Amino acid sequence: MYNRKKMKNSSIRKQIIEYLQNHQAATVSTLSRALGVTIPDIHYHLKQLLEERIIVASKSPEKLQQGRPELYYHLSPTAVGSNYEKLSETFLAFVANMSPDTKQKSILRQLAWHFTSPINLPESSLERLANVVKILQQWDYQPGWEAHKDGPRIYLKSCPYASLVNKYPLLCNLDQYILEELTGFSAKMIRKIDFRTPYTKCVFTLVLTTPER
């Protein structure tokens, strides 16, 4: 039963991708009619494809008579022929195989520094955290932050590396080091996105200490 359901889900997503390859863009209602799949099911599969960064969504330039502008779905640039993911995977495999682990951490910290070094942030912790959230939004993390008795917490509702992170969990370390560089706090992951559980976001707790170098 499980395998049949998995195969059916895979088939629907494949049909959505093929439709977008041939038509460039489509709405939920268009996909539902074209593929003979219910609108709730189309929504479900589009959500999975968005999380895997296979597709992207944009608003219609014209509003409908009632309600919000309808969303149009397109294949993402990485889904239509770039080789960035192969390049990323080759680099990650190289770093993952480094020994000892301290060398791997050093490379990831340097990479985090290069990510963040051009960015100027305010000294005030509250202003800084607000600016960090804006930066992470630009990098597709869907972030936010909240106060907590043990220190501020930053949560990330989206993983920009979703297609690679399970194979290369060191990307979670890279997120940690990027947060440390941006916030000036020491960061620790206390929860990781897992859509099979109620945990639908990564959560990092921040402690006001100087991060390792």
Residue hits (segment 145-160; surrounded by fewer than 17 Cβ atoms within 10 Å (Cβ to Cβ), closer than 27 Å to residue 123 by Cβ and not charged (D, E, K, R)) are 147, 148, 151
Which count do you get for residues in segment 161-182 that are within 18 Å of residue 126 (Cα to Cα) and in contact with a strand residue (DSSP E or B) (Cβ under 6 Å, 6 or more places away or on another chain)? 2
Take the conditions farther than 26 Å from residue 52 by Cα and not aromatic (Phe, Trp, Tyr) and apply them to residue 97. Does it pass? no
Given the criteria out of contact with any Asp or Glu (no Cβ under 7 Å at 6 or more places or on another chain), assigned to a loop (DSSP other than H, G, I, E, B) and either under 19 Å from residue 128 (Cβ atoms) or not aromatic (Phe, Trp, Tyr) (or both), does residue 172 qualify? no
Would you be able to tell me the number of residues in segment 15-47 that are under 22 Å from residue 161 (Cα atoms) and modelled with pLDDT under 90? 0
Which one is surrounded by the fewest Cβ atoms within 10 Å (Cβ to Cβ) among residues in segment 176-198 that are assigned to a helix (DSSP H, G or I) and over 17 Å from the mean Cα position of the chain (by Cα)? 181
When segment 98-144 is examined, which residues are found to be of a type in the set (Phe, Trp, Tyr), surrounded by 15 or more Cβ atoms within 10 Å (Cβ to Cβ) and not in a helix (DSSP H, G or I)? 141
Among the residues of segment 161-175, is any more than 24 Å from residue 88 (Cα to Cα) and either buried (at least 18 other Cβ atoms within 10 Å of the Cβ) or not small (Gly, Ala, Ser) (or both)? no
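The values are calculated or read from the model by the stated rules, or taken from the named source; none is laboratory data. Since we're looking at a predicted model, the values are computed, not measured. Because the Cβ atoms are built from the backbone with ideal geometry, glycine has one as well, and the counts that use them run over all protein chains shown.
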